[in-house]
Amino acid sequence: MDARLNLFGNPIAAKFLKHINAAGQVLADSGVPHATQELVKLRASQINGCGFCTDMHSKDALHAGETQTRLNLVAAWREATCFTEAERAALELTEQGTRIADAAGGVGDAAWAAAAEQYDEDQLAGLVSLIALINAYNRLNVIVQQPAGDYQPGMFG
């Protein structure tokens, strides 16, 4: 299976990816724990049906030391006992931020308050930006039907 469009081979798409990849580098140093960032990217990718990003972020998380149990339970995080309160707040914000079109009013006050209890202002800025960024990546990959399964940690950097 091939993608509908080679995002790396097209000069416009490649230039765009260069800029959003740079944004991703800024967020890597936002103060949000790396494990939480991977959980956020994985959960948004699951919701959006982005196989490529689901593959990438589950493998990157495993490579960075995340447990298989936690990765298996990301989609059912509310019932899982292995996530911290901070991770739960981030996952709730991720779900509501990813499903904006499904929810009248967007992200609820309770979700925001829970996140604000766990993260300082810079971390919140990083978390909100990360949620927006992974949703952009998901949309790119879903639109072009980027194939999933062949990603290897570190292959893009």
Flagged pairs (Cβ under 6 angstrom, 6 or more apart or on separate chains; first in the range 1-12, hydrophobic (A, V, I, L, M, F, W, C); second part of a loop (DSSP other than H, G, I, E, B)) are Met1/Pro147; Ala3/Gln145; Ala3/Gln146
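Within the range 13-48, restricting attention to residues that are basic (Lys, Arg) and touching a residue at least 40 places away in the same chain (Cβ under 8 Å), which residue is nearest to Val128 (Cα to Cα)? Lay out the reasoning, then the answer.
Within the range 13-48, the first condition is being basic (Lys, Arg), and the residues that meet it are 15, 18, 41, 43.
When the remaining residues are screened for being touching a residue at least 40 places away in the same chain (Cβ under 8 Å), the result is 41, 43.
On the way: Lys41: 12, Arg43: 14 Å.
So, considering only residues that are basic (Lys, Arg) and touching a residue at least 40 places away in the same chain (Cβ under 8 Å), the one nearest to Val128 (Cα to Cα) is Lys41.
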Cys53: passes all of (1) over 30 Å from Asn6 (Cβ atoms); (2) in contact with a Lys or Arg (Cβ under 9 Å, 6 or more places away or on another chain); (3) assigned to a helix (DSSP H, G or I) but (1)
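Taking the criterion of being part of a helix (DSSP H, G or I) and under 18 Å from Tyr137 (Cα atoms), would at least one residue in the range 108-120 satisfy it?
From the range 108-120, those part of a helix (DSSP H, G or I) are 109-118; that's our starting set.
From what's left, under 18 Å from Tyr137 (Cα atoms): none.
Scanning the range 108-120 turns up no residue that is part of a helix (DSSP H, G or I) and under 18 Å from Tyr137 (Cα atoms).
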Picked from the range 61-82 (must be outside any helix (DSSP H, G or I) and under 17 Å from Leu130 (Cβ atoms)), the residue modelled with the lowest pLDDT is Ala64
In the range 83-107, residues that are in a loop (DSSP other than H, G, I, E, B) and aliphatic (A, V, I, L, M) total 3
With criteria (1) of a type outside the set (Phe, Trp, Tyr); (2) under 13 Å from the mean Cα position of the chain (by Cα); (3) surrounded by fewer than 19 Cβ atoms within 10 Å (Cβ to Cβ), Ala44 comes up short on (3)
Of (1) modelled with pLDDT of 95 or more; (2) exposed (fewer than 12 other Cβ atoms within 10 Å of the Cβ), Phe16 fails just (2)
If we scan the range 128-136, do we find a residue that is under 14 Å from Thr36 (Cα atoms) and of a type in the set (S, T, N, Q)?
yes
Counted residues in the range 107-140 being exposed (fewer than 13 other Cβ atoms within 10 Å of the Cβ) and free of Cβ contacts under 8 Å to residues at least 40 places away in the same chain come to 5
Report yes if some residue within the range 141-156 is among the hydroxyl-bearing types (Ser, Thr, Tyr), in contact with a helix residue (DSSP H, G or I) (Cβ under 7 Å, 6 or more places away or on another chain) and either within 14 Å of Gly97 (Cβ to Cβ) or not in a loop (DSSP other than H, G, I, E, B) (or both); otherwise report no.
-> no
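The values are calculated or read from the model by the stated rules, or taken from the named source; none is laboratory data. None of the values given here were measured: they were computed from a predicted structure. Cβ atoms come from the backbone with ideal geometry, glycine included; neighbour counts cover every protein chain shown.
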